[in-house]
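Here the structure comes first, spelled out in C-alpha cells, and everything after it is commentary.
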Amino acid sequence: MNYSEKKTEEEWKAKLGLERYRILRQKGTEFPNSGEYNMHFEKGTYCCGACDEPLFESSSKFNSSCGWPSFDESIPGKIEYIKDTTHGMIRTEVVCANCGGHLGHVFDDGPSETGQRYCINSLSVAFNK
C-alpha cells in the first residue's frame, strides 16, 4: 500500500520500541484485559500510536467486555480495511490509512446502530484529551 507516513522497518523499531513495533508493524495482539485503554472512558480522541493520526472519537467507545478497547465507528477516511484469512478465520483487519499500522479488527456484532465493533489494541493508539 502507498501510505503518506513512510519509514524503514528500522526507523519504525527505533520510534515504537519492541512491543509497539510487534503490534503495529508485525500485526501482533495484546493479551486480553491488559491494555491501558480497555476500560478508559475519558473524553478526547484516540490517535494512531505510530503516526498520531486521529482515528476514533471517545464518543464512539463502548465497553464490549471483549478485553480490548472497542469503538462503534471510526473517523471517516482514517481507517483502511483489509481481508484477513489468518488463524483459520475470515476477518477484517483495520490499519491506519496514514501509515499502515495494524490496529486490530472490525466485526459486525456491535450493539449500536452502526452494528460495528472495532476491536483495537491499546498499544496501537494514543489518547489525546
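Nothing in this text is a laboratory measurement; each read-out follows from the coordinates by a stated rule. Everything quoted here is computed from the prediction, not taken from an experiment. All Cβ positions, glycine included, derive from the backbone under ideal geometry; neighbour counts span all protein chains shown.
Computed on region 1-50, the Cα convex hull volume stands at 107 Å³ per residue. Only the Cβ atoms of Lys and Arg (+1) and of Asp and Glu (-1) were treated as charged; on that basis the dipole of the chain about its Cα centre amounts to roughly 280 debye. Given +1 at the Cβ of Lys and Arg, -1 at the Cβ of Asp and Glu and no other charges, the dipole of region 1-66 around its Cα centre is 140 debye to the nearest 20.
A helix-only calculation puts the chain at -3000 deg cm²/dmol for mean residue ellipticity at 222 nm, using -39500 (n - 2.57) for each DSSP H run of at least four residues, averaged over all residues. By the Cβ distance rule of under 4.7 Å, the chain has these cysteines without a partner: 47, 66, 119. Which one of 14, 50, 97 has the biggest mean-square fluctuation once the chain is modelled by GNM with Cα springs under 10 Å? Looking only at 14, 50, 97, the largest GNM fluctuation is found for 14.
Note on the chain: with a GNM built from Cα contacts shorter than 10 Å, the maximum mean-square fluctuation among 73, 93, 19 falls on 19. Identify the trypsin sites (Lys or Arg not before Pro) of region 1-85 meeting these criteria: DSSP loop state and at most 13 other C-beta atoms within 10 Å of the C-beta. Of the trypsin sites (Lys or Arg not before Pro), the ones in loops of region 1-85 whose Cβ has at most 13 other Cβ atoms within 10 Å are 6, 43. Cα centroid distance between region 22-54 and region 55-129, in Å? Each part reduced to its Cα centre gives a spacing of 10 Å.
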